[in-house]
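Novice: Pasting in a structure now, in structure tokens, and then I'll have a few things to ask.
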Amino acid sequence: METLTEMREVQNYINGRFEHNGQDSMEVISPLTGEVISTLPLSGTAELDQAVQAAQAAFKEWSGQTLKERVQVFFRYRTLLEKHRDELAELCHIENGKTVEESYAEVDKSIELCEFAVSLPQIVTNEVQEVSKGVECRTERKPLGVVASISPFNFPNMVPHWTMPNALALGNCMILKPSEMVPLSAMRMAELLTEAGLPQGVFNIINGGKGTVEAICDHPGIEAVSFVGSTNVAKIVYARASQNLKRCVALGGAKNHLIVLPDAHLEMTASNVVASMSGCAGQRCMAAAVMVGVDKVQHIIDRMVEVAKSIVPGENLGSVISAEAKARIEGYITAAEEAGATILMDGRNATVEGSEGGFYVGPTIIDHVTPDMSVAKEEIFGPVISIIRAKDLDEAIEIENSSAYGNAAAVFTQSGGLAKQVMERASAGMIGVNIGVPVPREPFSFGGWNESKFGVGDITGKSSIEFWTQNKKTTSKWNAEARTNWMS
Ligand code: NAD
């Protein structure tokens, strides 16, 4: 069996120091081999409180700097991410199980997110206008104070970078709560931020699970909570943080529909659909989950099966996150089979020679799925695509619209008119035209609809500026002769 290097013990990062605290602990397991690679503290209110106090103490000086001064840290940090790219990708690979290539792509995306943060002074220019002669109104964006970011297991490096660079550059101090399944990447982030010159207390990490998240939602010193994870937990976090009068945006799960029309480009469509459903072992909130094949698309399905044969667990397909996840995914495939669907490609019982303890599921294509089956409705979060056949585009769009989720939807066609219909009528926040993973890149913003997101605005790009700031409005006049009205 492949043996992984034992990783350092996971610690909280409070006020620029790693701390041995937390009431209890749990094991961190690498899904590549099933080996225990570290232990993690399960923090509660006391540890969180220390971090919030450190962040509150740092806030005055950090928020007092200009935006142009603050982003200097992120110019240096971006360079450090690039310098340590190999090591960061390796960490991501070991703790999450995605392939080395996917791990590099994840780190590169974090670098791109930092590039947006360093551009904020060019975008956040505030507003000023002479509203009547001698009277001026101005609007300035001000940070909120101490904010929290709670992240999922599937992007240990990238998802924390969705929030951290923008929130900090805009003058906030942050408590990050990484997923307890992948806590290692965040510790390196903290070290590199410190090396880049981030003052102590501006960025803190609190590790743990459910109890830690509840403490974050309840803590009176935290002004805003951003959450990325499953829909059930997103609802709990959104309700609890809002109940405690915090600003909250909570991104949830997904069930993305790809509508494939018979005129679609054969190679591009087959390779895009398969890449979308199998990339990161299907553990992406933007992954293809359902393909709605309209009318005569058998030739495309046949080609998809051929393409999927080249995807091999342990080679160009990573592991899923845990033994429970593997069992859940395989359970969905069995349920579809029992409900009468056709398994064109079966990823159950996949093993990787030399890593027999790892949690692998092979690419799975299920045809003749009907909308009532669990594989059609529920989030599977594995390398599985369910094909539903539709007679025409109207029926395909109805199927897409009936999903409770609404993260992404895509259409594959060579007809601009038909693509436009999907763009207009799909009930999802992010639409792809001949693109299987339609992630909007900065300055555009990332966020879904329906049960894929709770709260106003999106989490990245320009929309995040609104989330991480509040407006201060000043009206002023400096001469007695100013032409005023009843308000001034
Ligand atoms: P998860 O909801 O289990 O965990 C997310 C975070 O919530 C973790 O930090 C975890 O510690 C915490 N948590 C778990 N259970 C909790 C509970 N009962 N109460 C309070 N906190 C709790 O999600 P996951 O399994 O880590 O990640 C996969 C999910 O995230 C999938 O559903 C995926 O679609 C979703 N996701 C969504 C997006 C998006 O942009 N919409 C992006 C990435 C992942």
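The values are calculated or read from the model by the stated rules, or taken from the named source; none is laboratory data. Bear in mind that the values here come from a model prediction, so they are computed numbers and not experimental data. Virtual Cβ from ideal backbone geometry, glycine too; neighbours counted across all protein chains shown. Just so you know, the surface numbers come from the protein's heavy atoms only, side chains and all, with ligands and any DNA or RNA stripped out. Shrake-Rupley method; radii C 1.70, N 1.55, O 1.52, S 1.80 Å.
Novice: Given the options Ile150, Ile94, Ile175, name the one that is out of contact with any helix residue (DSSP H, G or I) (no Cβ under 7 Å at 6 or more places or on another chain), hydrophobic (A, V, I, L, M, F, W, C), in contact (Cβ under 8 Å) with a residue 24 or more places away in the chain and under 29 Å from Val237 (Cα atoms).
Specialist: From the options Ile150, Ile94, Ile175, the qualifying one is Ile94.
Novice: Here's another thing I want to ask about it. So, in segment 222-238, of the ones that are open to solvent by 10 Å² or more (accessible area, probe 1.4 Å) and in a loop (DSSP other than H, G, I, E, B), which residue ends up nearest to Asn166 (Cα to Cα)?
Specialist: In this case the residue turns out to be Glu223.
Novice: Checking Ser119 against (1) closer than 30 Å to Ala275 by Cβ; (2) in contact with a Pro (Cβ under 9 Å, 6 or more places away or on another chain); (3) crowded, with 16+ Cβ neighbours inside 10 Å, which single condition isn't satisfied?
Specialist: That leaves (3) as the condition not met.
Novice: Looking only at segment 256-269, decide whether some residue is within 16 Å of the ligand (Cβ to nearest atom) and closer than 22 Å to Met164 by Cβ.
Specialist: no
Novice: Looking at segment 35-82, which of its residues are in contact with a strand residue (DSSP E or B) (Cβ under 8 Å, 6 or more places away or on another chain), over 28 Å from Ile321 (Cβ atoms) and not hydrophobic (A, V, I, L, M, F, W, C)?
Specialist: Residues satisfying the conditions are Gln50, Gln56, Ser63.
Novice: Among the residues of segment 458-477, is any among the basic types (Lys, Arg) and in contact with a Pro (Cβ under 9 Å, 6 or more places away or on another chain)? Full working, then the answer.
Specialist: Step one: filter segment 458-477 for residues among the basic types (Lys, Arg), giving 462, 472-473, 477.
Retained after the next criterion (residues that are in contact with a Pro (Cβ under 9 Å, 6 or more places away or on another chain)): 462.
Yes.
Novice: Among all residue pairs at least 6 apart or on different chains, which show Cβ distances below 7 Å where the first residue, located in segment 307-323, is touching a residue at least 40 places away in the same chain (Cβ under 8 Å) and at positive phi and the second is surrounded by 14 or more Cβ atoms within 10 Å (Cβ to Cβ) and in a loop (DSSP other than H, G, I, E, B)?
Specialist: Note: pairs meeting the criteria are Gly314/Val352; Gly314/Ser355; Gly314/Tyr360.
Novice: Only one residue in Ala350, Ala335 is in a helix (DSSP H, G or I), small (Gly, Ala, Ser) and at pLDDT 95 or above. Which one?
Specialist: Result: Ala335 is the single residue among Ala350, Ala335 that is in a helix (DSSP H, G or I), small (Gly, Ala, Ser) and at pLDDT 95 or above.
Novice: Kindly evaluate Ser415 against the criterion of being more than 16 Å from the ligand (Cβ to nearest atom), open to solvent by less than 40 Å² (accessible area, probe 1.4 Å) and at pLDDT 95 or above.
Specialist: Criteria met by Ser415.
Novice: Examine segment 62-71 for a residue that is within 23 Å of the chain's Cα centre (by Cα), part of a helix (DSSP H, G or I) and surrounded by 15 or more Cβ atoms within 10 Å (Cβ to Cβ), and state whether such a residue exists.
Specialist: The answer is yes; a qualifying residue exists.
Novice: Further, regarding this structure: Hey, among Ala250, Ala215, which residue is within 11 Å of the ligand (Cβ to nearest atom), part of a strand (DSSP E or B), in contact with a helix residue (DSSP H, G or I) (Cβ under 7 Å, 6 or more places away or on another chain) and open to solvent by less than 20 Å² (accessible area, probe 1.4 Å)?
Specialist: Just a single option satisfies the conditions, and that option is Ala250.
Novice: Looking at this structure, is Leu32 among the hydrophobic types (A, V, I, L, M, F, W, C), open to solvent by less than 30 Å² (accessible area, probe 1.4 Å), part of a helix (DSSP H, G or I) and at pLDDT 95 or above? Reasoning before the result, please.
Specialist: Numbers: among the hydrophobic types (A, V, I, L, M, F, W, C): yes; open to solvent by less than 30 Å² (accessible area, probe 1.4 Å): yes; part of a helix (DSSP H, G or I): no; at pLDDT 95 or above: yes.
For Leu32, the condition - among the hydrophobic types (A, V, I, L, M, F, W, C), open to solvent by less than 30 Å² (accessible area, probe 1.4 Å), part of a helix (DSSP H, G or I) and at pLDDT 95 or above - is not met.
Novice: Given Lys391, Lys420, Lys377, Lys462, which one is open to solvent by 40 Å² or more (accessible area, probe 1.4 Å) and under 30 Å from Cys137 (Cα atoms)?
Specialist: Lys462
Novice: Look through segment 293-310, keep the residues that are outside any strand (DSSP E or B) and either touching an Asp or Glu at 6+ places or on another chain (Cβ under 8 Å) or open to solvent by less than 10 Å² (accessible area, probe 1.4 Å) (or both), and return whichever of them is farthest from Leu344 (Cα to Cα).
Specialist: Filtering first and then ranking leaves Asp295.
Novice: Here is a further query. Taking the options Thr342, Thr370, Thr364, name whichever one is farther than 19 Å from Asn401 by Cα, surrounded by fewer than 16 Cβ atoms within 10 Å (Cβ to Cβ) and not charged (D, E, K, R).
Specialist: Working: Thr370 fails: farther than 19 Å from Asn401 by Cα; Thr364 fails: surrounded by fewer than 16 Cβ atoms within 10 Å (Cβ to Cβ).
Within the list Thr342, Thr370, Thr364, the selection yields Thr342.
Novice: Among the residues in segment 172-189, are any within 16 Å of the ligand (Cβ to nearest atom) and charged (D, E, K, R)?
Specialist: Within segment 172-189, the subset within 16 Å of the ligand (Cβ to nearest atom) is 174-187, 189.
In the following step, the residues that additionally are charged (D, E, K, R) were identified as 177, 180.
Yes, segment 172-189 contains a residue that is within 16 Å of the ligand (Cβ to nearest atom) and charged (D, E, K, R).
Novice: Right, next: On the given criteria, is Thr334 closer than 28 Å to Gly447 by Cβ and over 21 Å from the mean Cα position of the chain (by Cα)? Don't jump to the end; show me each part of the working.
Specialist: Values: closer than 28 Å to Gly447 by Cβ: no; over 21 Å from the mean Cα position of the chain (by Cα): yes.
Against the criterion (closer than 28 Å to Gly447 by Cβ and over 21 Å from the mean Cα position of the chain (by Cα)), Thr334 does not qualify.
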